[in-house]
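To start, the structure under review is shown below, and the notes come after it.
The values are calculated or read from the model by the stated rules, or taken from the named source; none is laboratory data. Keep in mind it's a predicted model, so treat the numbers as computed, not measured. All Cβ positions, glycine included, derive from the backbone under ideal geometry; neighbour counts span all protein chains shown. What goes into the accessible areas is simple: the full protein's heavy atoms, side chains included, and nothing from ligands, DNA or RNA. Shrake-Rupley method; radii C 1.70, N 1.55, O 1.52, S 1.80 Å.
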Amino acid sequence: MELTSRSVSRTAIVSTALAAALGATLLVTTAANAATTLGGAAAQTGRYFGAAIAAGKLGDSTYVNILNREFSMVTAENEMKWDATEPNRGQFNYTNGDRVLNQALNNGKRVRGHALLWHQQQPGWAQGLSGSTLRSAAINHVTQVATHYRGKVYAWDVVNEAFADGSSGGRRDSNLQRTGNDWIEAAFRAARAADPGAKLCYNDYNTDGINAKSTGVYNMVRDFKSRGVPIDCVGLQSHLTNSPPGDYQANIQRFADLGVDVQITELDIAGSNQANGFAAVTKACLAVARCTGITVWGIRDSDSWRTGENPLLFDGSGNKKAAYTSVLNALNAGGTTVPGGDPGTTTTTTTTTTTPPDPGSGDCTASVSLNAWNGGFVATVKVAAGSSALNGWKVTTSLPSGTTVTGSWSASRSGDTGTVTWSNVDYNGSVAAGGSTEFGFQGTGSGDGLSPTCAAA
């Protein structure tokens, strides 16, 4: 995603065949277990739902409240790019990138890193380099930034927008490309060495359907996989008008069939058919087990780079739009589970355990909705205040032997196995008398017998 405008894919309305295929593959979640936030609803199938944010807007309470409530993944719009993190050669500045990272981690969210190398938004000193000098500087940049965020970032867009538009399916000419055709491979190898735990992604726009450009990316990924070049995922930006292309799901599936995850990384949709378009994208992702998450590029329409097109899920005042409801409903309808689950054996059970109320002392109860499959589960825990308001809460769960928490949202936790204590984060500690909030977590193993208990903090 760049700061200046560029051509946005104008694509056809989703075909009837796509809608039929989606309807045939989706699993159903009962209304009683429907989540009330985008992140919580996505987590029911092991996926994330994220937003790109700007450090400069973290002082806006409406913006931050929506971010903290709705999203389980965060991407820095510009704060982790080359010009921001290495303004002078060899002198690194992580202030704003760390601000975005800490905002996410302190509120129970994960982070996608964006982007290590891109032909745009290079610092001026890098723009003046070429050949082996530029190659050395670029690989050092990848190494230093990925090392700084080692163990803290879920995935990196290692290389962004390296393929040309048009019918050639070839690489984009840039100063990076002119250092040698292996520059992308070199960047991925350097990123893996710097942070072995992060998923490494290639990210691009106008690759949403099966076309020359997306096929060029496909051929590169296939080559990388055949030669052992470390690549874990492909990002489809999905800057759309009205609807995704009719072969959107088929394109996601063909990348997944190469053995990589697919992530929708910069979704925004303008036009009069916006709500249906957002639903179609969401359903297509849910239909492919290796489509692991969706990120919208901004929170409110007023935050969007597509000025005047109103392409996001919240209006400028922070109100939910029809597109928001269409996405939430699609997520709650369910879909395939991400790798590690078994879509054919998905079951949903609900258990409820409450702590004895102590009227007038800030009592609380906890109940859990469990979406389980063979080898894993997602638990959504509802914390309800009793006769007095809560100013903080703690929930304790007892995990069966062999069960491990692999991710969580909207709560801080102590430990990953055995007895795990969960506590509120800054935006959901205050719960009015009779009101409720929720958090969730994903795990491997069995989710049976969690038996949550709640206490006022």
Every residue in the stretch 52-86 that is under 28 Å from residue 117 (Cα atoms) and part of a helix (DSSP H, G or I), please. 55, 56, 57, 67, 82, 83, 84, 85
Just one listed residue, out of 410, 430, 369, is modelled with pLDDT under 90 and open to solvent by 60 Å² or more (accessible area, probe 1.4 Å), and it is 430
Look at residue 449 and say whether it is touching a residue at least 12 places away in the same chain (Cβ under 8 Å) and more than 19 Å from residue 102 (Cα to Cα). yes
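Check 153, 111, 100 and return the single one that is in a helix (DSSP H, G or I) and either free of Cβ contacts under 8 Å to residues at least 24 places away in the same chain or in contact with a helix residue (DSSP H, G or I) (Cβ under 8 Å, 6 or more places away or on another chain) (or both).
Numbers: 153 fails: in a helix (DSSP H, G or I); 111 fails: in a helix (DSSP H, G or I).
Exactly one of 153, 111, 100 is in a helix (DSSP H, G or I) and either free of Cβ contacts under 8 Å to residues at least 24 places away in the same chain or in contact with a helix residue (DSSP H, G or I) (Cβ under 8 Å, 6 or more places away or on another chain) (or both), namely 100.
Give the number of residues within the stretch 55-79 that are acidic (Asp, Glu) and open to solvent by 30 Å² or more (accessible area, probe 1.4 Å).
First, pick out the residues of the stretch 55-79 that are acidic (Asp, Glu): 60, 70, 77, 79.
Those still in the list that are open to solvent by 30 Å² or more (accessible area, probe 1.4 Å) too: 60.
Looking only at that region, the number is 1.
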Before we move on, is residue 253 touching a residue at least 12 places away in the same chain (Cβ under 8 Å), surrounded by fewer than 23 Cβ atoms within 10 Å (Cβ to Cβ) and under 19 Å from residue 211 (Cα atoms)? yes
Going through 342, 268, 358 one at a time, which residue ends up being acidic (Asp, Glu) and modelled with pLDDT of 95 or more? 268
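Might you check whether a residue that is more than 21 Å from residue 425 (Cα to Cα), at pLDDT 50 or above and open to solvent by less than 40 Å² (accessible area, probe 1.4 Å) occurs anywhere in the stretch 1-14? I'd like the intermediate steps shown before the answer.
Step one: filter the stretch 1-14 for residues more than 21 Å from residue 425 (Cα to Cα), giving 1-14.
Adding the requirement that they be at pLDDT 50 or above leaves 1, 3.
Restricting the remaining residues to those that are open to solvent by less than 40 Å² (accessible area, probe 1.4 Å) gives 1.
Looking through the stretch 1-14, at least one residue is more than 21 Å from residue 425 (Cα to Cα), at pLDDT 50 or above and open to solvent by less than 40 Å² (accessible area, probe 1.4 Å).
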I'm told residue 292 meets every condition in (1) surrounded by 19 or more Cβ atoms within 10 Å (Cβ to Cβ); (2) more than 17 Å from residue 71 (Cα to Cα); (3) touching a strand residue (DSSP E or B) at 6+ places or on another chain (Cβ under 6 Å) except one. Can you identify the failing condition by its number? (2)
Wholly enclosed strands (runs of 3 or more DSSP E) of the stretch 213-322 bearing at least 1 residues small (Gly, Ala, Ser): 233-236, 261-270, 291-296
Say whether the condition of being open to solvent by 10 Å² or more (accessible area, probe 1.4 Å), at pLDDT 80 or above and under 18 Å from the mean Cα position of the chain (by Cα) is met by at least one residue in the stretch 304-318. yes
Anything in the stretch 194-206 that is at pLDDT 95 or above and either among the β-branched types (Val, Ile, Thr) or open to solvent by 10 Å² or more (accessible area, probe 1.4 Å) (or both)? List them, or say none. 199, 205, 206
Between residues in the stretch 259-278 that are at negative phi and assigned by the TED database to the domain that holds residue 323 and residues that are β-branched (Val, Ile, Thr) and assigned to a helix (DSSP H, G or I), which pairs lie under 7 Å by C-beta distance while being six or more apart or on different chains? 260/221; 262/252; 264/281; 267/281; 278/327
